[in-house]
Amino acid sequence: MGEAERTAPQDPAAAAAGPAPALAPAPRPRSGRRAPALLRAARPRQWLKNLLVFAAPGTAGLLTDPGALAWSGAAFVLFCAASSGTYLLNDARDAERDRLHEHKRRRPVAAGEVSVRTAVAAGAVLVAAVPAAVLATGNWPLLAVLTGYLLLTGAYTLGLKNVTVVDLVAVAGCHVLRAVAGGAAIGVPLTSWFLIVVSLGALLVVTGKREAELRTPGGARTRDTLARYSLSYLAQVRTMASAAMIVTYCLWALETPTETAHRVVHGLSIVPFIAVVLRYHLLVDRGVGEEPEEIALRDRPLQLCAAALLALIALGVYWG
């Protein structure tokens with residue numbers, strides 16, 4: 001995994017990208033549009049990922065408790081602020097490269113709608129404010145997880161994104177920390193089943209995102225690691241992660257419930273779970289996995305399968 005080796009891309013999608021074009025100077029931000037542009041730069045659509053904080057309380061059957069629900073909601077808001085801060089800092093650092101990308105060049109910082117200085121200032125304020133807010137509550141487990149998340153995202157922005165394979169693990173780890181935070185916020189111990197399924201699911205989504213980026217024209221020029229991946233390798237990782245995740249979920253669904261009725265409900269949830277995974281694979285193969293949150297918001301078959309999965313899990317956990 002030595003980073004000294006800079007080999008040419010083996011995949012036609014990366015090879016066809018050609019030499020990087022000269023960068024055009026970013027337009028000056030217009031004062032009347034700075035606030036809406038700054039909000040878009042915070043990527044509110046990606047706050048959807050932070051719903052993972054409800055996973056541990058939800059599967060533990062605690063979302064009907066007002067105190068647990070309040071802490072889960074607070075953790076969600078804190079992670080939205082923290083993730084937006086890291087997105088702003090990351091976009092400020094990558095603004096020039098983002099202008100080479102077919103889609104990322106429309107991001108407010110890359111497009112010049114928000115200046116790099118403004119993005120850095122806003123991001124730093126959010127990153128500093130989140131731990132301070134948690135510190136005031138005295139919730140030390142949540143503070144530890146949030147601090148770990150900020151440190152990991154900071155390390156990713158500063159260098160881990162350029163280390164092959166490690167970049168996949170780092171981004172997947174950020175998703176896992178979101179799920180861990182939900183348990184830390186209310187003191188729920190996390191089972192090995194939960195951690196394995198979440199970890200493999202995060203790796204599946206991140207790998208699919210990288211695969212879609214590699215398929216995008218010019219995508220390999222905007223991220224150092226993409227030129228060292230191939231579509232076949234990423235597809236193998238995606239297949240491995242999804243297969244292991246399905247097996248783990250099936251073992252949990254068939255072994256965890258003690259009552260027959262609950263066991264049947266959990267067993268039935270395997271069907272929509274596998275359907276969600278298969279649908280996601282199909283979408284990635286079509287080259288639309290670069291923005292996972294867009295898939296979740298727009299793909300109706302995936303939404304229906306996910307809704308059926310959540311309904312069966314909730315029925316198994318909260319019934320009786």
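Overview of values
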quantity: Listed values (i) 34, 26, 17; (ii) 31, 23, 19; (iii) 40, 26, 18, entry calculated as semi-axes √(5λ) of the Cα gyration tensor in Å; calculated: (i)
quantity: Helix 270-285 axis, angle to the chain major axis (alpha carbon atoms, nearest 10°); calculated: 10 degrees
quantity: Cα shape, region 98-257, gyration tensor, a/c 1.5 rule; calculated: oblate
quantity: Net charge, Phe76 excluded, C-beta distance under 11 Å - Lys, Arg +1, Asp, Glu -1; calculated: +2
quantity: Using distinct alpha-carbon pairs, which all enter the 1/r mean, Kirkwood radius of region 138-224 in Å; calculated: 14.1 Å
quantity: For the chain: relative contact order, % (alpha-carbon pairs under 8 angstrom, 6 or more apart); calculated: 22 percent
quantity: Label-point separation in nm, Arg263 to Thr64, each point 7 Å along Cα→Cβ; calculated: 2.3 nm
quantity: Tilt relative to the chain, helix 300-318 - C-alpha long axis, 0 to 90 degrees, to 10; calculated: 40 degrees
quantity: Extension gain, Gln46 back to Ala314 (0.36 nm per residue minus Cα-Cα distance, nm); calculated: 94.1 nm
quantity: Between 0 and 90°, nearest 10: helix 140-158 axis offset from the chain longest Cα axis; calculated: 30 degrees
quantity: Potential lengthening between Gln303 and Ser192 on full extension [0.36 nm per residue; Cα-Cα distance subtracted]; calculated: 37.3 nm
quantity: For region 81-171: rounded, prolate or oblate by the Cα gyration tensor [a/c cutoff 1.5]; calculated: oblate
quantity: Cα-based radius of gyration of region 163-304 once divided by 2.2 N^0.38 Å, which approximates compact folds; calculated: 1.14
quantity: Inter-site label distance for Glu255 and Asn162 at 7 Å from Cα along Cβ, in nm; calculated: 4.4 nm
quantity: Fully extended contour minus Cα-Cα distance, from Thr137 to Thr239, at 0.36 nm per residue; calculated: 32.5 nm
quantity: Mean Cβ neighbour count within 10 Å, used as a protection proxy, ranking 82-94, 174-186, 158-170 highest first; calculated: 174-186, 82-94, 158-170
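Throughout, read-outs are computed from the coordinates displayed, never taken from laboratory work. Given the structure is predicted, the values throughout are model-derived calculations rather than measurements. Positions of Cβ are backbone-derived with ideal geometry, glycine not excepted, and every protein chain shown enters the neighbour counts.
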